[in-house]
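**Student:** The structure that follows is given in the form of structure tokens.
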Amino acid sequence: MLDIGQFSAGTCSGVSRRAFLKAGASFAAALGVSAPAGRAIAAAPVRAKSVIFVWLWGAPSHLDTFDPKPDSPSEYRGPFAPIATRTPGLNFSELLPQLANRSHLFNVVRSHITFAPGHPDAGTYGLTGFADRPEPVKPNFGSIIAKHRGHRGSLPPFVSLGRGIPRDVVRIVDGYGGGKLGKAYDPFQISCDEYGQAEIPSLKLLGDLNPARLNDRNALLGTLDQARRSLDQAQLGEWDRTYGRAYQLLTRPEARDAFDLTREPQALRDRYGETAFGQSCLMARRLVEAGVPYIQVNWSEYVECMTPNCDFGWDTHIYNFELLQDRHCPIFDRALSSLLDDLHARGLLDSTLVVAMGEFGRSPKITNRAARDHWHPCYSSLWAGAGLPGGRTIGQSDKLGEHPVTTPVTPLMVGTTMAELSGMDTQARAELNVLDGGSVIHELVS
């Protein structure tokens with residue numbers, strides 16, 4: 001089901017439907033969907049037709065997931081035993097048995113570093129490759145790929161799945177959207193609850209518009225025109241952008257259908273898990289089938305696991321081991337394994353890049369609260385699909401998991417590698433003036 005929601009606005013002087021429809025000429029530009037002027041899409045090979053970036057907001061402990069240290073002192077290693085994977089010499093935490101059994105489908109990078117110790121600033125590094133200051137903020141990796149690919153079909157080129165824009169309690173992460181490319185390249189936000197109910201905030205337009213009326217074009221235009229008359233001039237620009245997206249998504253069945261998880265067999269929905277994250281991963285697979293170039297699946301809106309408005313991010317300063325064992329890792333293991341299986345079974349994994357990571361790791365030494373704090377000098381990620389050979393370990397951390405002992409992998413390298421696999425070669429990146437100074441993770445793509 002798709003929840004259309006409500007819209008409220010103040011009243012002012014009216015605007016005619018003719019003026020309203022004339023404004024529609026700018027809708028494609030408002031969507032950020034046109035290809036860069038004066039050039040064709042770069043000739044670099046497109047190994048990833050779509051990217052699914054699984055953003056584990058809050059930062060999972062690398063020692064308790066992909067990089068256990070069973071031989072380290074007790075104050076480092078934690079309570080979880082290592083288990084073998086299908087990749088020789090690669091062990092995971094016992095909390096990830098399903099992913100361990102599918103390690104032939106993906107690669108693990110164990111040598112990440114970033115340059116900031118806090119969530120908002122490290123979040124911007126992790127989503128853009130650059131610091132959040134000075135302004136203008138650099139664009140999100142998804143915004144870059146969306147601008148490069150342009151709009152094809154009725155769906156936006158960059159979709160963000162989750163309950164809201166990632167934030168640290170109250171501060172929105174600066175690197176979530178278009179940055180210097182402009183708000184036209186911000187992600188299209190979709191929320192998905194544990195029952196598979198999709199809600200699109202920018203389509204919360206009209207109280208009397210329901211899915212049964214969406215095929216009545218005259219009724220739709222009339223109701224939208226009435227809503228526009230209730231807006232003042234200051235709101236019209238944002239309304240034009242909203243309307244452009246709304247009109248395409250509400251009037252084209254193929255667009256609406258992409259967000260309708262009730263079309264999936266119940267057994268498959270159950271396999272992903274009755275969680276917001278699990279159903280969002282299933283939604284991501286449907287968006288891949290619909291041809292969306294970049295989908296960001298957000299674990300949560302808030303990083304903190306013990307704050308008001310909590311949706312249990314990975315920021316486990318307390319109850320790290322309890323939360324990982326009882327909640328986080330079982331949900332993550334089930335949903336991501338199901339996503340990889342589903343893509344593989346449908347023949348989509350070879351043309352889809354799946355990347356899972358947070359903004360940094362967690363302190364190897366256990367704190368006096370029996371948990372782990374922030375740790376930006378070392379963390380891990382998972383990479384699958386896009387023709388990458390699976391079953392490999394890229395990079396290594398030291399014996400305590402504190403620092404890489406191989407070439408560090410930076411956030412800029414992450415974004416550059418995703419862009420390269422999406423068909424953006426060095427020339428294409430230079431022409432858009434993005435990811436400057438970035439290099440690919442050579443051990444991963446070779």
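The values are calculated or read from the model by the stated rules, or taken from the named source; none is laboratory data. The structure presented is a predicted model; accordingly, all values stated were derived computationally and were not measured. Positions of Cβ are backbone-derived with ideal geometry, glycine not excepted, and every protein chain shown enters the neighbour counts.
**Student:** Could you tell me whether residue 301 is modelled with pLDDT of 90 or more, touching a Lys or Arg at 6+ places or on another chain (Cβ under 7 Å) and closer than 19 Å to residue 193 by Cα? Talk me through it step by step, then tell me what you get.
**Tutor:** Numbers: modelled with pLDDT of 90 or more: yes; touching a Lys or Arg at 6+ places or on another chain (Cβ under 7 Å): yes; closer than 19 Å to residue 193 by Cα: yes.
Considered against the rule, which asks whether it is modelled with pLDDT of 90 or more, touching a Lys or Arg at 6+ places or on another chain (Cβ under 7 Å) and closer than 19 Å to residue 193 by Cα, residue 301 comes out as yes.
**Student:** Go through (1) crowded, with 20+ Cβ neighbours inside 10 Å; (2) not in a loop (DSSP other than H, G, I, E, B) and name the single condition residue 438 misses.
**Tutor:** (2)
**Student:** While we're on this one: I need the full set of residues from the stretch 265-289 which are polar (S, T, N, Q), in contact (Cβ under 8 Å) with a residue 12 or more places away in the chain and surrounded by fewer than 24 Cβ atoms within 10 Å (Cβ to Cβ), in order please. Before you say what the answer is, go through the steps one by one.
**Tutor:** Step one: of the stretch 265-289, the residues polar (S, T, N, Q) are 266, 275, 279-280.
Going one step further and asking which of them are in contact (Cβ under 8 Å) with a residue 12 or more places away in the chain, we end up with 275, 279-280.
Within the stretch 265-289, 275 is the sole residue that qualifies.
**Student:** Under 7 Å between Cβ atoms, which residue pairs at least 6 apart in sequence (or on different chains) link something in the stretch 153-170 that is in contact (Cβ under 8 Å) with a residue 24 or more places away in the chain and farther than 14 Å from residue 200 by Cβ with a partner that is of a type in the set (Ser, Thr, Tyr) and surrounded by fewer than 21 Cβ atoms within 10 Å (Cβ to Cβ)?
**Tutor:** Short answer, once both residue conditions are applied: 169/307.
**Student:** Of the numbered conditions (1) closer than 30 Å to residue 428 by Cα; (2) at pLDDT below 95; (3) surrounded by 23 or more Cβ atoms within 10 Å (Cβ to Cβ), residue 192 fails exactly one; give the number of that condition.
**Tutor:** Every listed condition holds for residue 192 apart from (1).
**Student:** Another question, then. Determine, yes or no, whether residue 48 is within 23 Å of the chain's Cα centre (by Cα) and either modelled with pLDDT of 95 or more or of a type outside the set (Ser, Thr, Tyr) (or both). Talk me through it step by step, then tell me what you get.
**Tutor:** On the way: within 23 Å of the chain's Cα centre (by Cα): yes; either modelled with pLDDT of 95 or more or of a type outside the set (Ser, Thr, Tyr) (or both): yes.
In short, yes.
**Student:** Another question, then. I'd like to check something: does the stretch 167-175 contain any residue that is on the phi > 0 side of the Ramachandran plot and surrounded by fewer than 17 Cβ atoms within 10 Å (Cβ to Cβ)? Working first, answer last.
**Tutor:** The initial filter retains those residues of the stretch 167-175 that are on the phi > 0 side of the Ramachandran plot, namely 169.
Now restrict to residues that are surrounded by fewer than 17 Cβ atoms within 10 Å (Cβ to Cβ): 169.
Looking through the stretch 167-175, at least one residue is on the phi > 0 side of the Ramachandran plot and surrounded by fewer than 17 Cβ atoms within 10 Å (Cβ to Cβ).
**Student:** Please work out if residue 411 is under 22 Å from residue 50 (Cβ atoms), in contact with a Gly (Cβ under 9 Å, 6 or more places away or on another chain) and crowded, with 17+ Cβ neighbours inside 10 Å. First the steps, then the outcome.
**Tutor:** Numbers: under 22 Å from residue 50 (Cβ atoms): yes; in contact with a Gly (Cβ under 9 Å, 6 or more places away or on another chain): yes; crowded, with 17+ Cβ neighbours inside 10 Å: yes.
Taking the combined requirement at face value, the residue satisfies it.
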